[in-house]
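One structure is given here, and the rest of the page talks about it.
The values are calculated or read from the model by the stated rules, or taken from the named source; none is laboratory data. From a predicted model like this one, the values you see are computed outputs, not experimental measurements. Cβ coordinates were reconstructed from backbone atoms using ideal geometry, including for glycine residues, and neighbour counts include every protein chain displayed.
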Amino acid sequence: MLFLFSTDAGKESLKLKGEDYKYLFKVRRHNVDDILYFRSKLKSETLYQYKVQTLDGRSATLALISSEQKEIKADKDLHIAWCVIDPKSVEKVLPSLNEIGVSKISFIYCARSQKNFKIDIARYERILETSSQQCGRSKQMIFEIFKTLDSFLKENPETIVLDFCDEVLACEDEVNTVLIGCEGGFSEDERRQVEKLKRFRLDTPMILRSESAAMAISSKVLI
């Protein structure tokens, strides 16, 4: 763990108890005089350094030593427009997408998306909080939900589309917003909506699952 999120980060004194205390002092075995780092989700670009002063078996008191502006993020921004799939599949790759540096994910209910799949943004944010604390990322990923592909494209007309075509995505290509279709593919109406957009494919003979495609594109563009 490189830092811990705390709503009290920035105060002259921190008192930790509950799960944060158990993790830092029971699991990670920190002790008096150890130096620990914290960020506030409301001001995540600032890194706060604290020193452990006291431990009483159930709580710990820490004193603020210093603070610095230290934003950790990817060198590029990548916005994934992701037609809705099983949220469990998203959850499996979300920490990795966070580590790679994806800046934003828009979930889109396409014609062939299963409408019973509900996107739990609060759950996704909890997953990312743990991931960011472990990988050091300070800039938080943004989530959006769109009810239709048409509504998304009206707001993001420069989107490029992952599709079956001749054009192969190259490492030097400028990619800002990329659309990944759902597992059932685009409907005829949706295909007409994207036919004028720039398209590309990944250089592989295999058929990728939606979440595998998201990982592959993110890695190629950001790393």
Given the condition of a type in the set (S, T, N, Q), under 12 Å from Cys110 (Cα atoms) and free of Cβ contacts under 8 Å to residues at least 40 places away in the same chain, answer yes or no: does some residue in the stretch 182-191 qualify?
no
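Looking only at the stretch 23-41, which residues are within 26 Å of the chain's Cα centre (by Cα) and either without any contact (Cβ under 8 Å) to a residue 24 or more places away in the chain or not assigned by TED's automatic domain parsing to the domain that holds Thr54 (or both)? Please lay out each step first, then the result.
First, pick out the residues of the stretch 23-41 that are within 26 Å of the chain's Cα centre (by Cα): 23-24, 27-28, 36-41.
Selection gives Tyr23, Val27.
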With criteria (1) assigned by TED's automatic domain parsing to the domain that holds Ile180; (2) at pLDDT 95 or above, Cys110 comes up short on (2)
Any chance you could count how many residues in the stretch 56-76 are under 28 Å from Gly18 (Cα atoms) and touching a helix residue (DSSP H, G or I) at 6+ places or on another chain (Cβ under 8 Å)?
3
Selection status of Lys17, touching a residue at least 12 places away in the same chain (Cβ under 8 Å) and surrounded by fewer than 18 Cβ atoms within 10 Å (Cβ to Cβ)
yes
